[in-house]
1. Mind checking whether some residue in segment 92-114 is at pLDDT below 95 and in contact with a strand residue (DSSP E or B) (Cβ under 9 Å, 6 or more places away or on another chain)?
2. Out of all the residues in segment 157-166, is one or more closer than 30 Å to P358 by Cα and hydrophobic (A, V, I, L, M, F, W, C)?
3. Could you tell me which numbered condition T381 fails, if it satisfies all but one of (1) open to solvent by less than 10 Å² (accessible area, probe 1.4 Å); (2) over 22 Å from V239 (Cβ atoms); (3) of a type in the set (S, T, Y)?
4. Take T327 and decide whether it is over 27 Å from A218 (Cα atoms), open to solvent by less than 10 Å² (accessible area, probe 1.4 Å), assigned to a loop (DSSP other than H, G, I, E, B) and not basic (K, R).
5. Take the conditions in contact (Cβ under 8 Å) with a residue 40 or more places away in the chain, within 19 Å of S118 (Cβ to Cβ) and either buried (at least 23 other Cβ atoms within 10 Å of the Cβ) or not β-branched (V, I, T) (or both) and apply them to S61. Does it pass?
6. Restricted to segment 96-145, and to residues that are of a type in the set (V, I, T) and open to solvent by less than 60 Å² (accessible area, probe 1.4 Å), which residue is farthest from A36 (Cα to Cα)?
7. Any residue at all in segment 224-240 that's farther than 30 Å from A107 by Cα, at pLDDT 95 or above and hydroxyl-bearing (S, T, Y)?
8. How many residues are under 23 Å from V242 (Cα atoms), open to solvent by less than 10 Å² (accessible area, probe 1.4 Å) and among the aliphatic types (A, V, I, L, M) if we restrict to segment 333-372?
Amino acid sequence: MTSAHPLRGAAAIVGVGSAGCGDATGRTEIEITVEACRKAVADAGLRMSDIDGLVTASMTSPMPSLRITQELGLDTTFVDATCVGGSSFLLHLLIGAMALQNGLCSAVLVCYGSTQRSGIRRSTISAYREAVDPDPYELPYRPFNPPTAYALAAARHMHEFGTTRAQLAEVAVAARRWAGLNPEAFARDPISIEDVLSARRVSDPLGVRDCCLVTDGAGAIVLVRSDRAKDMPQPPAFVLGVGAAHTHRQISSMPDLTTTGARRSGERAYAMAGLGPGDVDVLQLYDAFTINVVLFLEDLGFCRKGEGGAFVEGGRIGPGGALPVNTNGGGLSCVHPGMYGMFLLIEAVRQLRGEAGPRQVDGVETVLCHGNGSVLSSQVTAILGGRSALS
């Protein structure tokens, strides 16, 4: 019998906050980020002067940690600004836990914000990236990315395994049903399978309702060592396991369009946590596109490869289903400000605390969060648990 991983349960999330989600017209990216940070620190029962660690990432600022430090007046002993796309903030759990475990700091603030709906548009960000860091083998063909990249993966999955557009639509409908229970969700009007199938096509086989929202939003969490977390005002969400895998940068270099790095990141997170898929109560999966959820359910071990389409049928992942997935409405219906990973963690903590209101799942002890960066490129899996899961 192997001993427990030294980082298993070493850190815990003790504060969460969000701001400007949906449409933050008239406010800047930094303004809503600062608000989310202040909410998270207050939720943890701390003062800003207690924060001596900062981990952040940005889609617009080349040095986001400097901006955040200045605006919040932090005196930090540890700072990191690793960015691997939407999965960054799950990786930040591992970075923060290591910093705390090694005594580099005592309280870590992890944050992100973007005004891609009302402020700097994604098209502007994409044009900048094309100029300074182009994909040399794809850019000459002018793909409509990211939808084109995900459509390629979806088309291949359909070809290999017979997955249907109606099965992909099940993912969007389930997300919208969860969003209908969440007063903070941006898109709450009911949709049907037919609504998804008849929606404007974006990049074959994906339609507009197969694609995530474009919203504003900021989020923040506070991490401390687990021994300190037990005395904090909020029930801690312990970081039981984190695993990462990066397989490619551009979709044309993905080793297998139907198998993502989630297979390896999941294995690593399960190993650290000492758990398996059968021990997970709720999933928060990065649903930039409907195909993501199908791929991640397979690669994380909740069904066999090629069976993801059938697995989501019949409302299985929606409210009242056997496996709750994306209980806030996900990036498809709740919020998606360019990089969504932070909001996976916030919803996981709310579920573990029992604070999710009408969408609360009974008896939640473990939540698996899975982040995705770029075009299925960076995969990071994190498993959070309550007090009983730590034992």
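The values are calculated or read from the model by the stated rules, or taken from the named source; none is laboratory data. Remember, it's a predicted structure, so these values are computed and weren't measured experimentally. Neighbour counts are summed over all protein chains in view; Cβ atoms, including those assigned to glycine, are modelled from backbone coordinates with ideal geometry. Heavy atoms of the whole protein, side chains included, go into the accessibility calculation; ligands, DNA and RNA do not. Shrake-Rupley method; radii C 1.70, N 1.55, O 1.52, S 1.80 Å.
1. Taking segment 92-114 first, the residues at pLDDT below 95 are none.
No, there is no match, as no residue in segment 92-114 is at pLDDT below 95 and in contact with a strand residue (DSSP E or B) (Cβ under 9 Å, 6 or more places away or on another chain).
2. Here is the first cut: in segment 157-166, the ones closer than 30 Å to P358 by Cα are 165-166.
Subsequent filtering for residues that are hydrophobic (A, V, I, L, M, F, W, C) retains 166.
Yes - at least one qualifying residue is present in segment 157-166.
3. (2)
4. On the way: over 27 Å from A218 (Cα atoms): no; open to solvent by less than 10 Å² (accessible area, probe 1.4 Å): yes; assigned to a loop (DSSP other than H, G, I, E, B): yes; not basic (K, R): yes.
Answer is no for this residue.
5. On the way: in contact (Cβ under 8 Å) with a residue 40 or more places away in the chain: no; within 19 Å of S118 (Cβ to Cβ): yes; either buried (at least 23 other Cβ atoms within 10 Å of the Cβ) or not β-branched (V, I, T) (or both): yes.
Criteria not met by S61.
6. As a first pass, look at segment 96-145 and keep what is of a type in the set (V, I, T): 108, 110, 115, 120, 124-125, 132.
Pick out the ones that are also open to solvent by less than 60 Å² (accessible area, probe 1.4 Å) and you get 108, 110, 115, 125.
Details: V108: 14, V110: 10, T115: 13, I125: 23 Å.
Out of the qualifying residues, it is I125.
7. no
8. Total satisfying the criteria: 9.
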